Amino acid sequence: MSDVYEKVVAKNPNEPEFQQAVKEVFDSLTPVLDKHPEFRAAKILERIAEPERVIMFRVPWLDDTGEIQVNKGFRIEMNSALGPYKGGLRFHPTVNLSILKFLAFEQIFKNSLTTLPMGAGKGGADFDPKGKSDNEVMKFCQAFMGELFRHIGPNTDVPAGDIGVGGREIGFMFGMYKKMANEFTGVLTGKGATWGGSLIRPEATGYGAVYMADEMLKAHGKSLKGATCLVSGSGNVAQYATEKINHLGGKVVALSDSSGFIYDEEGIDADKLAFVMELKNIKRGRIKEYVSKYPKSTYTPIDPNLEYNPLWDIKADVAVPSATQNEINGKDAQNLVKNGCFAVSEGANMPTTPEGVEVFLDSGVLFGPGKAANAGGVAVSGLEMSQNSMRLSWTREEVDQRLHNIMKDIHNNSLEAAKAYATNDKEINYVNGANIAGFLKVANAMLDMGTWG
Ligand code: NDP
């Protein structure tokens with residue numbers, strides 16, 4: 001196993017996030033490979049860590065002053081053993097090959113866990129939508145899709161949103177795709193509800209992460225009712241995680257953005273959340289503006305000199321990190337544990353560093369890794385694809401019920417796999433469970449299909 005990992009590192013130098021994601025999965029798979037020598041013989045690990053295809057392209061566009069701007073566009077078509085490539089697009093200045101390959105790699109196991117027929121992909125650009133006019137965002141999206149359209153299709157590759165790509169951007173990209181391909185087809189998910197989008201898709205990732213927390217807690221005799229919760233981020237995932245925690249009787253006391261976090265001891269109820277949604281989705285403002293509206297709350301700016309984030313030092317029972325990768329380090333995890341936190345459900349992708357994960361697992365915290373906990377988003381994207389193929393739409397209640405059932409299955413399948421491969425009967429390791437349950441389905445499909453699986 002370590003030989004294969006060393007080769008991945010040598011072949012993918014300067015890609016720390018990708019290496020980190022591969023290592024975490026490989027570490028979980030040792031007992032599986034021991035039981036299944038056929039996976040070794042077929043070089044499944046070597047193949048699964050190599051994208052089927054990487055597309056990189058120039059994105060030139062005209063800004064509002066008439067000047068040409070040039071960004072880098074990417075699409076990683078990672079694995080198609082279970083279905084068309086599927087995964088989001090991220091627009092953020094930090095986007096690079098390493099980050100997109102880590103996300104595409106995670107997507108393989110996540111999509112497999114949803115039980116739906118989806119392969120894995122990820123893409124995006126180093127474009128920063130912050131501070132751009134709607135017109136500039138549209139010009140960029142059109143230029144981006146002007147190249148991407150030739151690589152995607154409803155049976156080939158179906159992108160969705162991620163950081164920096166919400167309903168507005170999906171709309172602009174879908175319009176351009178429709179023009180270039182001369183067809184109206186389900187090529188992107190996260191579309192508007194009146195033109196092919198699924199109800200509950202905007203809510204799905206946040207709701208799903210909270211359903212996962214709820215399932216972990218119930219399986220261990222606990223509940224979200226009355227629990228104090230920390231949520232990081234204030235974007236799509238954070239907003240709907242907050243809404244679902246409120247529905248289930250918990251209290252969210254913190255939200256953040258890349259500049260800092262707010263703390264509201266009284267809880268962010270439905271009215272306050274509506275203010276955050278308008279602030280972030282329409283006014284595109286900063287989370288610190290929350291404090292002007294609700295003066296009993298406090299704002300703490302990010303201090304780059306601190307080796308921990310004080311957000312994770314607030315006393316709470318449950319944490320749902322929903323901003324970005326590596327936002328909870330070992331020290332942050334220790335602070336959460338010290339203050340009595342007993343469950344963490346990762347709304348974001350890989351928000352906890354390997355040191356942080358180790359602290360949670362060693363302390364017996366119920367830890368739902370992103371590839372299980374945030375799979376609700378891609379699951380409802382899969383349901384959007386089904387509705388598009390059938391040319392009909394399900395009600396909110398029907399989609400939410402299906403999402404809830406999928407999250408229950410993800411929880412149960414991860415827990416079962418964790419128990420089946422545990423080294424002792426006290427161990428509750430959802431990280432291993434999710435990696436193993438996700439891997440087995442893809443690996444068996446790849447075996448069935450021979451070298452092109
Ligand atoms: P949004 O763009 O809607 O929101 C992202 C939030 O995280 C914003 O509050 C943003 O702050 C903050 N953030 C972004 N980068 C950083 C950073 N480097 N440091 C601190 N804060 C940061 O994205 P989503 O809510 O869609 O995505 C959040 C996470 O969830 C990501 O990890 C994404 O991959 C994951 N995810 C999303 C899914 C979805 O369906 N949307 C599906 C599965 C996973 P600011 O406003 O300052 O940029």
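Every number in this text was worked out from the coordinates using simple rules, so none of it is lab data. Bear in mind the structure is a predicted one, so any value in this text is a computation, not a measurement. No Cβ is skipped: glycine too gets one built from the backbone with ideal geometry, and neighbour counts run over all protein chains shown.
One table, with the values for the structure above:
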| read-out | value |
| --- | --- |
| Share, in percent, of DSSP beta bridges within the chain that are antiparallel, nearest 5 | 60 |
| Rg over Rh [alpha-carbon atoms, Kirkwood Rh] for the chain | 0.95 |
| DSSP beta bridges in region 49-186 [antiparallel fraction, %, rounded to 5] | 70 |
| Least to most buried among LEU230, LEU279 (fewest other Cβ within 10 Å first) | LEU279, LEU230 |
| Cut-off 20 Å (backbone N to label point 7 Å along Cα→Cβ of ASP303), residues of region 316-352 | 316, 327-339 |
| Cα-based shape type of region 372-453, given that a ≥ b ≥ c are square roots of the gyration tensor eigenvalues and the cut on a/c is 1.5 | oblate |
| Shape call, region 204-368: gyration tensor on alpha carbons, a/c limit 1.5 | oblate |
| Pairs beyond 23 Å (Cα-Cα), from LYS130/LYS191; LYS222/LYS293; LYS101/LYS331; LYS272/LYS315; LYS251/LYS296; LYS23/LYS122 | LYS222/LYS293; LYS101/LYS331 |
| Debye, to nearest 20: dipole size of the chain, +1 on Lys, Arg Cβ, -1 on Asp, Glu Cβ | 820 |
| Residue exposure sequence - LYS139, LYS191, LYS293 - by fewest surrounding Cβ within 10 Å | LYS293, LYS139, LYS191 |
| Global geometry of region 49-186, whether rounded, prolate or oblate, following the gyration tensor of its Cα atoms and the 1.5 cut on a/c | prolate |
| Label-zone membership for region 124-168, site MET56, 7 angstrom Cα→C-beta point, backbone N under 16 Å | 124-127 |
| In range of the label at ASN14: residues from region 95-133 whose backbone nitrogen is under 18 Å from the point 7 Å along Cα→Cβ | 95-102, 126 |
| For region 37-120, alpha-carbon Rg over 2.2 N^0.38 Å | 1.37 |
| Low-density loop cleavage sites - GluC sites (Glu not before Pro) in region 175-281, where at most 15 other Cβ are within 10 Å (DSSP) | GLU183, GLU265, GLU266 |
| 11 Å beta-carbon shell around GLN334, net charge (K/R +1, D/E -1) | -3 |
| Approximate spin-label separation VAL291-LYS419, in nm, with each point projected 7 Å along Cα-to-Cβ | 4.8 |
